[in-house]
Amino acid sequence: LSSHVHLEKSVEYKFFQPWFGNGLLISYGDIWKNHRKMIAPTFHMNILKSFFPSFNEISRKVCKKMEREKGKSFDCHEYMSGVTVDILLETVMGYKEPRTEDSGFEYALAVMKMCSILHQRSYKPWLRFDSVFKNTKFSTEHDKLLSIIHDLTNKAVDSRKKDHLQKKFDVVETKTSVIQEEKPAVKKETIQGYNNGTAVRDDLDENDENDVGEKKRLAFLDALTEAALQEGVNFTEQEVRDQVSTIMFEGHDTTAAGSSFVLCMLGVHQNIQEKVVQELDEIFQKSDRPVTYQDTLEMKLLERVIMETLRMYPPVPIIARKVNEDVKLGENF
């Protein structure tokens with residue numbers, strides 16, 4: 001996992017290519033390194049902290065939905081899949097356009113069905129050949145599901161691109177107006193119409209640990225959109241779409257699976273569940289206030305429950321790499 005040499009993915013990953021293009025999951029070499037260097041800062045802790053209002057709002061909605069299941073046996077993964085998609089769209093993607101209430105679940109369901117098809121291509125040798133696969137019912141379903149998946153991600157990309165172009169236009173218009181009126185130079189922080197008053201800035205400049213949200217660093221899709229719109233930056237719009245498709249899958253699928261495993265484990269081990277509830281009651285004093293980042297630092301037992309669940313039931317239990325040169329394992333191999 002820590003190797004800087006063995007980065008090329010195994011042949012099975014090629015089945016994801018129509019979905020992820022050249023995204024981080026299946027790319028390697030210089031493309032992988034450059035894109036990862038660009039994307040990593042967009043998941044800075046200070047950006048994640050700024051998402052807590054959305055975390056609270058969307059989480060409350062799913063809790064209300066789950067109330068209808070009281071006293072019943074049900075599949076919590078359906079709820080976790082839908083809520084993680086909604087959270088990703090509103091935070092990492094910054095996509096807050098009106099959507100149907102179940103659009104997140106519809107996307108998640110399409111992803112689950114798509115993964116089933118791709119898994120079959122991995123363990124059924126005859127489906128590995130494109131010439132054979134294209135003449136099966138799986139190919140038709142594959143294309144249909146891919147259309148549903150890309151439709152949502154493309155809407156998110158197009159929405160952010162439209163917003164960024166409008167903001168740039170507003171900044172230019174404001175600057176022109178200032179020049180015509182011969183007013184004193186306007187400071188960057190006071191130019192209206194761009195990121196709540198902040199105009200052009202280097203989002204890696206002055207990395208202040210107290211910095212939150214938009215002020216210095218940009219969230220994932222905003223950063224990629226700006227990069228694609230800048231002249232001289234070798235990052236295309238198609239690469240933006242590939243990375244969005246990748247992060248939407250990796251971000252929601254693993255989180256939904258991990259959350260579902262944790263809920264199941266708490267349901268099985270009622271004594272541990274009671275202790276977790278007691279810990280939460282001590283933190284919130286049975287109030288209904290929103291959760292803060294500081295609150296999560298106090299959830300020591302819940303954190304241990306999550307970590308132990310991930311140890312027993314990892315959402316990604318296996319990875320595969322193509323070895324192009326000898327690998328030394330330990331001292332004797």
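The values are calculated or read from the model by the stated rules, or taken from the named source; none is laboratory data. Since we're looking at a predicted model, the values are computed, not measured. Methodologically, a virtual Cβ is constructed for each residue, glycine included, from the backbone with ideal geometry; neighbour enumeration extends over all protein chains shown. Note: accessible area is taken over every heavy atom of the protein model, side chains too, but ligands, DNA and RNA are not part of it. Shrake-Rupley method; radii C 1.70, N 1.55, O 1.52, S 1.80 Å.
Look at the Cα gyration tensor of the range 28-130: its axes a ≥ b ≥ c give a/c of at least 1.5 with a/b at or below b/c, and that counts as oblate. Here the accessible area is traced with a 1.4 Å probe on the protein chains. For the range 78-135, carbon and sulfur cover 56 percent of it. Between Lys9 and Lys322, the built amide H atoms are under 5 Å apart, and every one of these is 5 or more places off in sequence or on another chain. On the range 3-63, 61 percent of the accessible area sits on carbon and sulfur atoms, based on a 1.4 Å probe. Per-peptide packing, taken as the mean over residues of other Cβ atoms within 10 Å, places 316-329, 249-262 in the sequence 249-262, 316-329 from highest down.
Judged by the mean number of other Cβ atoms found within 10 Å, the most tightly packed of the peptides 27-39, 79-91 leads the ranking 79-91, 27-39.
For the listed peptides 134-147, 279-292, a ranking on the average number of other beta carbons within 10 Å per residue, highest first, reads 134-147, 279-292.
Surface composition of the range 241-333: carbon plus sulfur atoms hold 57% of the accessible area, using a 1.4 angstrom probe and ignoring ligands, DNA and RNA. Sorted largest first by accessible area at a 1.4 angstrom probe radius, with every protein chain in place, the residues Phe16, Phe235 fall in the order Phe16, Phe235. Accessible area per residue for the range 20-59 is 50 Å², calculated with a 1.4 Å probe on protein heavy atoms, without ligands, DNA or RNA.
When the residues Lys65, Lys300 are ordered by accessible surface, computed with a 1.4 Å probe over the protein chains alone, the sequence from largest down reads Lys300, Lys65. Which entries of Lys33/Lys144; Lys64/Lys144; Lys61/Lys286; Lys61/Lys275; Lys14/Lys124; Lys64/Lys286 have Cα-Cα distances beyond 21 Å here? The answer is Lys33/Lys144; Lys64/Lys144; Lys61/Lys275.
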